[in-house]
Structures are given as C-alpha cells and as structure tokens.
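Reading through the structure tokens given below for one structure.
The values are calculated or read from the model by the stated rules, or taken from the named source; none is laboratory data. From a predicted model like this one, the values you see are computed outputs, not experimental measurements. FYI the Cβ positions are ideal-geometry reconstructions off the backbone, even for glycines, and counts take in every protein chain you see. Only protein heavy atoms, including side chains, enter the accessible area calculation; ligands, DNA and RNA are left aside. Shrake-Rupley method; radii C 1.70, N 1.55, O 1.52, S 1.80 Å.
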Amino acid sequence: LLGSQGQFPLTQNVTVVEGGTAILTCRVDQNDNTSLQWSNPAQQTLYFDDKKALRDNRIELVRASWHELSISVSDVSLSDEGQYTCSLFTMPVKTSKAYLTVLGVPEKPQISGFSSPVMEGDLMQLTCKTSGSKPAADIRWFKNDKEIKDVKYLKEEDANRKTFTVSSTLDFRVDRSDDGVAVICRVDHESLNATPQVAMQVLEIHYTPSVKIIPSTPFPQEGQPLILTCESKGKPLPEPVLWTKDGGELPDPDRMVVSGRELNILFLNKTDNGTYRCEATNTIGQSSAEYVLIVHDVPNTLLPTTIIPSLTTATVTTTVAITTSPTTSATTSSIRDPNALAGQTGPDHALIGGIVAVVVFVTLCSIFLLGRYLARHKGTYLTNEAKGAEDAPDADTAIINAEGSQVNAEEKKEYFI
C-alpha cells in the first residue's frame, strides 16, 4: 500500500514554436511494473508503454521504461496545442497534465503609406503590419536609431481565431533633415529567440534650395583676385546658379568669370564694390543669398624702406630750422595717408625747399665774406699809395718811395689787421 501511494506520475508544461518539435516527458519515482500512457487533448492514446497507438508519423518514442515515458511531436502546428495527459495504471489510475503551448511566429512586417517623393512640411503617415503572431506581437518604431514612442497600436484576431494581426501607425511632419533617413519598424516576439524582425523605409524628401555665399578671403584688397562660391543644397539638386550685381548683370565679364557655382573676379578695384546676389532654383522653388563686397586699400608695410627721399630730407635739413618742421610734417602725413605715398608730392617739395634754403644761406654767407675781404684789401692799398705821395716832392719820387716802402707797408697791414 505504501508503495502504491508513492507511485505518482510527474509532468511539465511545454512551449514550442510553430513548426518545431515538442518533447513530452512523464516520470515515476517508484513503480512496481505499472504501465504508463500518453494521450492527446482529444483523449486519443499516443503511446502505451513502448507501443505506438496513434498512426501519426510526427509522433515518436523517445524513451520507455518503468520510471519514464517520453515522446516527441515534430512539426508542431497550432492545432497541436492543448492539454496532454500522462496516466499511471494503478488502482485507481493516477494522471498528470501537461499543457503544450504553440507559439505563432509573426510574419515579416511590411511598411505602407510611403509615396516618393514627399514635400518638405507634409504630414507623413506610415503603417507597419504583421500577421500570424501568437500571442500578439509587439511593434516598435525607430528613426535615426532613436525610438519613437507616440504611435498608435491595433490588434486584430486572425481568421483561425488562434493568431493575431497587429499594426502600428506613425504620424510625423517631415523636413529636409529627414531626407535619406531610415525609418525602422521592429517586431518583437517570444518566438523569435531575441532576434526581432524588422522592416525599413528610407525617406526621400524634396525641398527648396538653401543658399550660402562663401568668399575666398575675408578681407578683399585692391588688385587681388576674389572667388565667391555659391553653396546651394536642395532636392532635386538645384540648376546652375545665377549671379547678379546690384540687381543687374555682372558689369565686367572679362574680369568677372562665372564657372559653375563660382564667381571669379580676377583683379579687384573700387568699382567692384556692391551687393552680389546668387540665386539657386529647383522644381520646388527658388532661394538666394547676398554678399556685400567692400574692396580695401592694400596696406603698405614697407614704409620705412620705401620713403628714401623723406629720410634723406630729414638728414640734410637737421641744421636748418626753417625746413625741420615741414619735413617732419610731410613724413608724418605720408605715414598716416597711404594714398599720399604713391605720388611722393610731399617729400619732393620738402627736399627742394631744403636744398634751396641751404644754397641761399651758403651764397649769402659767401658774398658777405668776400665783400668784407675785398673791402679790407682796398683800404690797405689806398693807404700805402697816399703815404708815398706825402713824402715825395713829385710823382716819380712818390712811386719810388711807395715801392721802397713795401716792407713797411706789409708791417702796417699786419698791424692794421
């Protein structure tokens, strides 16, 4: 009696994916040669000990002994789901139930609702649908690898009343940043062994061009070249751009050459100042950008070495007070105004004025010294002549006396000086 009480069949519930194989096992810890039997949800005997009772090629014996009876069901279908019974033929018969759950695998999802192309600003509605899942599958949306939470979910029972068709709808307004983006619908289900099924839709968004002008240099200078690049983006790709200046055509085609999206101005001058406009057009619309050109003077960084006349003038006129101030002024003025350096007008006047002043000053000094010298020599000659005339009784004697007294005259001249 005690042995009979210890005899009790043990089973476990089984879950299997549709199309897979289910193993049903019944164990008995203590068995005194009592038979074991497996029967299906319809109470049809599948195996009695090691003897097959139902003609079904999908059902096979795995192991049969006094302590265990295991069978396999291959290519499981949804109709195989239900409660299976293991019976131990004691008095009375003891049974144990095992529920076989068959998972319905969801079909590969499909995305609908996309028609190419979509215009920027339009509202897009995408729907992802999958059928055949049991239990109902879960659908998730991703855009740029970021999950979108605000979606609609719908579950419907299939015709077999065992599986489900689930769908999810995503609504959003598109812009140009969505062009080329992959929107992913992901289906998660326990039958997929942690490998979800996905469907992907790459978006194509058409939008008006965006235009930007990029100069080759931030500081355009006179005499140098300048390239203005019209960077335009749009879908469809914009047609060749149109360049204008101050609302009209380019004034100098020989110097202003348009190549593709570039405007090349070969040699800048002040007449090039103005507003340059670049227009880009595609089938969606037109956009433009403007660039205000201001041509700057070329800074002269070689001022100390190029203004040689000014430095020379400063050196020559340091001893002449009258030219010091104009020279300094001219040099200072030339440094402040680079345009004045090109003609060299200021330094030339200062140089000429300085030279003239020096020449006049030296000439006046020379005339003064020469006049004084001549005046002194003339006084000495008249004095000697007069002296000879006083001592002589006649003219001949006076001349002789004058010649004879040259020594005394020299002495007197030296004394006079």
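Right, residue 209: touching a Ser or Thr at 6+ places or on another chain (Cβ under 8 Å), open to solvent by less than 20 Å² (accessible area, probe 1.4 Å) and not in a strand (DSSP E or B) or not?
no
Only one of these is of a type in the set (Lys, Arg), open to solvent by 70 Å² or more (accessible area, probe 1.4 Å) and more than 16 Å from residue 111 (Cβ to Cβ): 146, 134. Name it.
146
Condition check: in the same structural domain as residue 189 (by the TED database), of a type in the set (A, V, I, L, M, F, W, C), over 30 Å from residue 23 (Cα atoms) and not in a strand (DSSP E or B). Does residue 114 satisfy that?
The answer is yes for residue 114.
State the number of residues belonging to the stretch 16-39 that are surrounded by 14 or more Cβ atoms within 10 Å (Cβ to Cβ) and either of a type in the set (D, E, K, R) or within 16 Å of residue 94 (Cα to Cα) (or both).
13
Given the conditions (1) open to solvent by 50 Å² or more (accessible area, probe 1.4 Å); (2) of a type in the set (A, V, I, L, M, F, W, C); (3) in contact with a Gly (Cβ under 8 Å, 6 or more places away or on another chain), report the number of the one that residue 53 does not fulfil.
Evaluating residue 53 over (1) open to solvent by 50 Å² or more (accessible area, probe 1.4 Å); (2) of a type in the set (A, V, I, L, M, F, W, C); (3) in contact with a Gly (Cβ under 8 Å, 6 or more places away or on another chain) leaves (3) as the failure.
Check the stretch 184-199 and report whether any residue there is acidic (Asp, Glu), part of a strand (DSSP E or B) and farther than 25 Å from residue 121 by Cβ.
Yes, because at least one residue in the stretch 184-199 is acidic (Asp, Glu), part of a strand (DSSP E or B) and farther than 25 Å from residue 121 by Cβ.
Being more than 16 Å from residue 271 (Cα to Cα) and not in a loop (DSSP other than H, G, I, E, B) is the filter here; which residues of the stretch 234-256 pass it?
Answer for the stretch 234-256, where residues must be more than 16 Å from residue 271 (Cα to Cα) and not in a loop (DSSP other than H, G, I, E, B): 234, 235, 242, 243.
Against the condition open to solvent by 10 Å² or more (accessible area, probe 1.4 Å) and touching a residue at least 40 places away in the same chain (Cβ under 8 Å), how does residue 129 come out, does it pass?
no
Among 121, 113, which is open to solvent by less than 50 Å² (accessible area, probe 1.4 Å) and either farther than 21 Å from residue 14 by Cα or in contact with a strand residue (DSSP E or B) (Cβ under 7 Å, 6 or more places away or on another chain) (or both)? If you could, list the steps in order and put the result at the bottom.
Working: 113 fails: open to solvent by less than 50 Å² (accessible area, probe 1.4 Å).
Only one candidate qualifies: 121.
Would you check if there is a residue in the stretch 213-233 being closer than 30 Å to residue 143 by Cβ and either among the hydrophobic types (A, V, I, L, M, F, W, C) or in a loop (DSSP other than H, G, I, E, B) (or both)?
Filtering the stretch 213-233 down to residues closer than 30 Å to residue 143 by Cβ leaves 231-233.
Subsequent filtering for residues that are either among the hydrophobic types (A, V, I, L, M, F, W, C) or in a loop (DSSP other than H, G, I, E, B) (or both) retains none.
No, there is no match, as no residue in the stretch 213-233 is closer than 30 Å to residue 143 by Cβ and either among the hydrophobic types (A, V, I, L, M, F, W, C) or in a loop (DSSP other than H, G, I, E, B) (or both).
Considering only residues that are loosely packed, with under 13 Cβ neighbours inside 10 Å and of a type outside the set (Val, Ile, Thr), look in the stretch 215-226 and name the one that is nearest to the chain's Cα centre (by Cα).
Ranking the candidates gives 218 first.
Results for (1) in contact with a Pro (Cβ under 9 Å, 6 or more places away or on another chain); (2) open to solvent by less than 40 Å² (accessible area, probe 1.4 Å); (3) in the same structural domain as residue 278 (by the TED database), shown as yes or no for each residue.
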position: 142; (1), (2), (3): no, yes, no
position: 173; (1), (2), (3): no, no, no
position: 185; (1), (2), (3): yes, yes, no
position: 188; (1), (2), (3): yes, no, no
position: 193; (1), (2), (3): no, no, no
position: 213; (1), (2), (3): no, yes, yes
position: 228; (1), (2), (3): yes, yes, yes
position: 245; (1), (2), (3): yes, yes, yes
